[in-house]
1. Using amide H atoms built 1.01 Å from N in the peptide plane, name the residues 5+ places from residue 172, or on other chains, whose amide H lies under 5 Å from its own.
2. Where the only charges are on Cβ atoms (+1 Lys, Arg; -1 Asp, Glu), what is the dipole of the stretch 441-595 about its Cα centre, to the nearest 20 debye?
3. Non-local amide H neighbours of residue 513 (under 5 Å, H modeled in plane, Pro and chain starts lacking H): which ones?
4. Check each of the trypsin sites (Lys or Arg not before Pro) in the stretch 95-131 and keep only those in coil by DSSP with at most 14 other C-beta atoms within 10 angstrom; list them in order.
5. So what is the relative contact order for the stretch 510-590, in percent, with contacts set as C-alpha pairs under 8 Å and at least six apart?
6. How many angstrom separate the Cα center of the stretch 327-343 from the Cα center of the stretch 450-472?
7. Relative to the Cα centre, what is the charge dipole magnitude of the stretch 2-81, using +1 at the beta carbon of each Lys and Arg, -1 at the beta carbon of each Asp and Glu, and rounding to the nearest 20 debye?
8. Placing unit charges on C-beta atoms (Lys and Arg positive, Asp and Glu negative, everything else neutral), compute the dipole magnitude of the chain about its Cα centre in debye, rounded to 20.
Amino acid sequence: MSFPYQIKSFEDYKASYKKSVDQPEVFWGEIADNFAWKKKWDKVLEWNFTEPKIEWFKGGKLNITENCLDRHLELSGDVPAIIWEANNPTEKSRTLTYKELHFKVMQFANVLKNNGVQKGDRVCIYMGMIPELAIATLACARIGAIHSIIFGGFSAQAIADRLDDAKAEFIITADGAFRGAKDIPLKSVVDDVLIGNHTVKKVIVYTRTRVPISMIKDRDIWWEDEVEKVEAQGNPFCPAESMDSEDPLFILYTSGSTGKPKGVVHSTAGYMIWANYTFVNVFQYRPGQVHFCTADIGWITGHSYIIYGPLSSGATSLMFEGVPTYPDAGRFWDIVDKFKVNILYTAPTAIRSLMAFGTDILKDKNLSSLEVLGTVGEPINEEAWHWYNKNIGKEKCPIVDTWWQTETGAAMISNMANVTPSKPTYATLPMPGVQLALRDEQGNIIEGNGVSGNLCITFPWPGMIRTTYGDHERCKQTYFSTYENNYFTGDGCLRDEEGMYRITGRVDDVLNVSGHRIGTAELENAINMHTGVIESAIVGYPHDLKGQGIYAYVILDGVHHESEELTRKDILQTITRIIGAIAKPDKIQFVSGLP
Ligand code: WTA
């Protein structure tokens, strides 16, 4: 593939940026011409931020899997699409070429069809990081079903809430998942989700850990058996459903400042083009490079930079099942060497935690294949930036610091590797198409350089959130009501003397713990569900490894608490039940009044 829209110099960036502002429809229309359409669009953009109503490439028809798979077959059918490294380094890695991935996606799309999944149906996917997760995701997109992937660390209650909200009737899962030294009993969690549930029709279970699991007749079916049935039917082909540009591609739940998580809805065409455009430009991807994004596909970073961005570019995307510290803290670097990774994209928390193990572990690592490094998910501190630059990039790899959100679909503010200037701890400059404004509490625009304010976006970009599933009003209230005619990010931001942007952190009631968003209200609700808790308040505090730690103040009713320590543990159990272990506070302090 070639990318005529790949920006080649700082001058080129400035010209592209200007054009994206002066003539947005011309700009994005020319880029969209490089994709596979079943029918071209009638209008590039229609929008208003008051409803809000955002329509990109209106009237166009396409299928994202034709862009991610079919169109690569002729020239790059034998190129690895996905390289997969198992949790355990002694287990054989797997490679799926574009041809093979295309085949498996069509096959599984037929499994979905055989089981009654139709265009527009919501399919919940709860799996570990195995190629079948990508296959299931793309198979949904193939037939126009809306996928809703749930991170493997969420509890049964959190999954049940999401299932309900999305009114999903299908679940794709596995018996279990390997993650570091632990096995996660995925199917058993799903079984808890489904106690008393009458809406879920089918649960498709892939075999990964082969732990004993319950399989309920007529509802629970094995992935492998269903694939066999499709094979027996003798039709390996599954046509790509014709989707409208604005048809929803997926729902992804994320925490906000109010009670329950919101289902962020992304569209088909706009999201695809945004994921692709940012992948090609931020990382300056060249055909043949191996891209390793260490995020889990359960988060937006995995959606956009393991699946849709790389695959729509014909790239080789490396997928890792495990964790950075298993079996030891050299695991990422071993993977980089084993597969000659060229682009490494990870989170500051991972860098900080590996940094803590020292540089001895790096002695026998080569790392010379690396060309570009990236970070995402939270502000990166100066020390971690320099460590990454020196010890991993050997001072020859640009570091792209990409600021974005689940709601923005893909990178919004970032330097472009070797093309635009970088600056430690700064996300630097907006991508073409991203028009920023800093505003004060009163809503005034803060002009000039050397200023700070609340970060807003004043014009639509193709990959932006379209709605919050089932509750458009919530989308309007959350993002478009704080500042009239602006999308409000919830982040504070500094624009320095050179006009470079640095994200300073959330200004709403959302914590960013190890790059994961935790809504304080959601966590307080979970704690308040614990017996004996009268009230609670969550605050974030600076944490060396996690960026932010969680501090919980809790008022108890004073009745039969035999030991404070046990009560603390009980509360942690309740949180694990209601949300998941990722939301556990670092500290719980019992108080008689809230600060
Ligand atoms: C934060 C992750 C500083 C920010 C892609 C944002 C960042 C939230 C950066 C979104 C960055 C993300 N520098 N902060 N490079 N990237 N953030 O939805 O507070 O999981 O609002 O999306 O992470 O988190 P989310």
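1. HN-HN under 5 Å from residue 172: 124, 125, 126, 204.
2. For the stretch 441-595, the charge dipole is close to 460 debye.
3. 518
4. Values: sites: 99, 104, 113, 119, 122; in loops: 119.
Of the trypsin sites (Lys or Arg not before Pro), the ones in loops of the stretch 95-131 whose Cβ has at most 14 other Cβ atoms within 10 Å are 119.
5. Numbers: 125 pairs, mean separation 24.2, N = 81.
The value is 30 percent.
6. First find each Cα centre; the distance between them is then 36 Å.
7. Numbers: 12 positive and 14 negative charges, 32 e Å.
Dipole magnitude for the stretch 2-81 comes out near 160 debye.
8. That gives a dipole near 1040 debye.
FYI, it's all coordinate maths here, none of it is from the lab. Quick caveat, the model's predicted, so the values are computed rather than measured. Cβ atoms come from the backbone with ideal geometry, glycine included; neighbour counts cover every protein chain shown.
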